[in-house]
Amino acid sequence: MTPRSLPAALILGALCASAGAQSAPDGKQISTQGANGAPACITCHGARGEGNPAAGFPQLAGMGSAYLDEQLEAMANGSRVSPVMAATAKALDPAQRKAVAQYYASLPSALDIDKLAATAMHPAQPADTGAWLATRGAWDKNVPACNQCHGPGGIGVGANFPALAGQPAAYIAGQLRAWQQGQRPPGPLGLMPAVATRLSSAEIDAVSAYYAGLPKAADQLAAQANTAAGAQK
């Protein structure tokens with residue numbers, strides 16, 4: 001390359017880099033404006049990915065990007081049945097799904113990890129079915145404690161086990177029933193279909209309600225602990 005041709009080569013390289021940057025999917029833009037005919041994610045999942053408990057739409061903020069991308073792919077190819085999300089997932093191409101997954105993973109979760117983790121130390125009673133399943137499991141039916149995979153207080157663990165605390169009860173229950181009916185991929189080690197099929201409908205509702213109410217319960221337990229500590233001073 002001659003010195004005279006060098007500036008032209010640099011300009012061409014800059015233009016190519018600029019074009020590549022412009023063509024890269026913008027996860028935030030997809031979430032707020034939609035893409036390829038798909039609606040904006042914020043319509044159902046909230047402006048900050050906080051979800052909509054009243055409507056049963058889950059929180060996405062702070063979830064692992066690999067997990068979210070995997071779920072979008074599963075809904076796009078039909079291995080995870082979702083009448084609400086299927087059309088949206090199919091409308092986005094793989095790069096767009098990955099971009100929006102990374103965007104939501106970058107948002108801060110509203111969960112107070114320390115408070116939620118502390119709830120795992122609070123003794124559950126057998127009569128409290130939801131808390132018992134979450135923290136102790138049902139070993140007579142070969143059902144491990146949910147917290148063993150999803151972390152103390154349902155805070156989530158790694159890329160494959162999402163947070164459950166604060167998710168809408170209807171959403172959690174719906175996913176457990178989807179596994180019962182073979183409408184979701186089995187996930188790591190095929191654990192979830194094996195667990196879900198051993199739970200009764202009442203147990204599903206109980207453990208779903210437990211996790212949905214856990215952030216509020218964690219706040220109450222923390223307040224009680226603070227009050228007790230203050231009384232001892």
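The values are calculated or read from the model by the stated rules, or taken from the named source; none is laboratory data. From a predicted model like this one, the values you see are computed outputs, not experimental measurements. Cβ placement follows ideal geometry from the backbone for every residue including glycine, while neighbour counts extend to all protein chains displayed. The accessibility values were calculated without ligands, DNA or RNA, using every heavy atom of the protein model including side chains. Shrake-Rupley method; radii C 1.70, N 1.55, O 1.52, S 1.80 Å.
Only helices enter this figure: runs of n ≥ 4 DSSP H residues, each worth -39500 (n - 2.57), summed and divided by the residues of the chain, yield -16000 deg cm²/dmol at 222 nm to the nearest 500. Compactness of the stretch 123-233 was expressed as the Cα radius of gyration divided by 2.2 N^0.38 Å, which yields 1.15. Charge tally around residue 89: other residues with Cβ under 15 Å, Lys/Arg +1 each, Asp/Glu -1 each, net +1. So if R0 is 41 Å, what FRET efficiency would residue 216 and residue 23 give, r being the distance between their Cβ atoms, rounded to the nearest 0.05? Calculated value: 0.40.
What would the Debye formula give as log10 I(q)/I(0) at q = 0.12 Å⁻¹ for the alpha-carbon point model of the chain, no solvent? Values returned for q = 0.12 Å⁻¹ are -0.72. Ignoring ligands, DNA and RNA, what percent of the 1.4 Å accessible area of the chain is carbon and sulfur? Taking all protein chains in place, the chain shows 60 percent carbon and sulfur surface. Remark: the chain carries a charge dipole of roughly 240 debye about the Cα centre, counting +1 on each Lys and Arg Cβ and -1 on each Asp and Glu Cβ. A Förster radius of 35 Å combined with the Cβ-Cβ distance from residue 227 to residue 201 puts the calculated FRET efficiency at roughly 0.40.
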